[in-house]
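Everything on this sheet refers to the single structure shown next.
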Amino acid sequence: MNSSGYLPRLRRRALILARELKRRRDRNRLSRYRPYTRQREFHDAGAVHRERLFMAGNQLGKTVAGSFELAMHLTGRYPSWWRGRRFAEGGRYWAAGETRVSTRDTVQKLLVGEPERSAAWGCGAIPGEAILGIHRASSGANILDAVSVAHVSGGASTLLFKTYEQGRAKWQGDTLNAVWFDEEPPVDIYVEGLTRTNATEGMVMLTFTPLKGMSEVVRMFLDEASPNSDQGKEMR
């Protein structure tokens, strides 16, 4: 038997298989998400609190936790360990940051994938196979306006990206299941975002490092974080 060409072919097949496995793993990061203790406490608190704040130092997984939780709600793909809030059907969600560029480089990147490479869209917290459509913004390089996501119920969810720099007027009018604030919002923006979830009895999540000190938003959670609070806020 002539094996001169067999081993090279075998290596090529193994390489192709390894690349395909990596591609599938990259496009389904949600299935491998395992939160550490503080992240899991933040997720669990969603079962009883409409308003939650994960406040911690830089690079401690706040934004990562927010992105994976939002991906679960968008898709309805909740892991076996999940004890937080569940949405049984597709819904409407906002994810927000300070500016269009900062939202693109953090929130959008973690949810969808590297902004600069459209081939990588689908390699974020939202599984690639669940993305039904992506809508680009009319201005700004690689900035997205919205993403349509398949929900396990058979319906679909809509994710829209918002910014604080748009001002409160641009935050009015919509009805939402949840809003995720990454980085601390102005108090008027926060209140407006919360109001968008009232009709659905939805929720808001905040993930940030308190760079503004004892701001009105931080004080609101600190003052109302006791177990007896009738506001249902969770401070982290």
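The values are calculated or read from the model by the stated rules, or taken from the named source; none is laboratory data. Because the structure is predicted, anything quoted here is derived from the model rather than measured. Quick reminder, even Gly has a Cβ in these numbers, built from the backbone with ideal geometry, and neighbours come from all protein chains shown.
Restricting the stretch 163-185 to residues that are more than 20 Å from the chain's Cα centre (by Cα) and assigned to a loop (DSSP other than H, G, I, E, B), the residue that is farthest from ALA47 (Cα to Cα) is GLY167. Applying the criterion of being in contact (Cβ under 8 Å) with a residue 60 or more places away in the chain and of a type in the set (Ser, Thr, Tyr) to the residues of the stretch 147-177, the residue that is surrounded by the most Cβ atoms within 10 Å (Cβ to Cβ) is SER157. If the condition is being outside any helix (DSSP H, G or I) and of a type in the set (Gly, Ala, Ser), then the stretch 35-60 contributes GLY46, ALA47, ALA56, GLY57. Evaluated against (1) surrounded by fewer than 22 Cβ atoms within 10 Å (Cβ to Cβ); (2) modelled with pLDDT of 95 or more; (3) more than 22 Å from GLU192 (Cβ to Cβ), GLU116 falls short on exactly one condition, (2).
Taking first residues from the stretch 178-198 that are farther than 16 Å from LEU211 by Cβ and partners that are among the polar types (S, T, N, Q) and surrounded by 24 or more Cβ atoms within 10 Å (Cβ to Cβ), the Cβ contacts under 9 Å between residues at least 6 apart in sequence or on separate chains come to TRP180/SER67; TRP180/THR207.
Scanning the stretch 131-146 turns up no residue that is small (Gly, Ala, Ser), surrounded by 19 or more Cβ atoms within 10 Å (Cβ to Cβ) and in contact with a helix residue (DSSP H, G or I) (Cβ under 9 Å, 6 or more places away or on another chain). Being out of contact with any Ser or Thr (no Cβ under 7 Å at 6 or more places or on another chain), touching a residue at least 12 places away in the same chain (Cβ under 8 Å) and within 24 Å of LEU194 (Cβ to Cβ) is true of TRP82. Here is the figure for the stretch 79-106: residues that are within 16 Å of MET203 (Cβ to Cβ) and surrounded by fewer than 16 Cβ atoms within 10 Å (Cβ to Cβ) total 4. Could you check GLU129 against (1) closer than 12 Å to GLY91 by Cα; (2) out of contact with any Phe, Trp or Tyr (no Cβ under 8 Å at 6 or more places or on another chain) and say which number it fails? Looking at each condition in turn, GLU129 falls short on (1). Taken over the stretch 88-126, the criterion of being assigned to a loop (DSSP other than H, G, I, E, B), without any contact (Cβ under 8 Å) to a residue 60 or more places away in the chain and out of contact with any Phe, Trp or Tyr (no Cβ under 6 Å at 6 or more places or on another chain) is satisfied by GLU114, PRO115, GLU116, ARG117, TRP121.
Could you list, in sequence order, all residues of the stretch 52-62 that are surrounded by fewer than 23 Cβ atoms within 10 Å (Cβ to Cβ) and not small (Gly, Ala, Ser)? The answer is MET55, ASN58, GLN59, LEU60.
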